[in-house]
């Protein structure tokens, strides 16, 4: 990027605005994940519909942020790390938008299959998994905003715990399907929700990988091939 100090200052200000908008989108997405999961746990169709409608705000934020990223690229033509900063955000907002879609799918499931209830231990397992996923998503957003590589590494490591929840729920569903085949719709729905949460966790991991890409030039996805994160 040009070394003109006025242009540098303008880029910094524009990028700071971009980060603020990204942080707001991240907060909105995490909150909607919580709203959709709670609607599922409480079989609350009203809150589920609210989560579906809120996804429109996430989509609007996604479109605006992508446009803002391309505007920065055109106006300032950044190079090296500044270019990675902008491209990292552009990729990250895509992951937030897709995480929001999975939350919306949980909410839609509540509307499509009303009145289904869970046993206390089943509800607790989903609630614990959702809490971990939302905390991880929040942490990934903060890591991107603050360029915090250590926090990003923690997100990547936590993904194995999210996967473990999904595997445990799958095992439980298989057992209960054999024992109570008449309740198949309820138990398959539980697996559907766990899968959606696991995929939200995957998008949090993608965000964390973007942090490493921005800070160190490590290609996104390299962390999943066993590459050393130290």
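List of remarks:
- Remark: spin-label model distance residue 34-residue 56 equals 2.4 nm, labels positioned 7 Å along the Cα→Cβ axis.
- Contour minus Cα-Cα distance for residue 80 and residue 157 (0.36 nm per residue): 24.9 nm
- The value of relative contact order for the chain, using C-alpha pairs under 8 Å at least six residues apart, is 25 percent.
- In a fully extended conformation the segment linking residue 191 and residue 128 would gain 21.2 nm over its present Cα-Cα distance, using 0.36 nm per residue.
- What the Cβ-Cβ distance of residue 116 and residue 24 gives, at R0 = 30 Å and to the nearest 0.05, is a FRET efficiency of 0.35.
Bear in mind these aren't lab numbers, they're just calculated from the coordinates by the rules spelled out. Because the structure is a prediction, the values reported are computed rather than measured. Cβ: placed from backbone, ideal geometry, glycine included. Neighbour counts: every protein chain shown.
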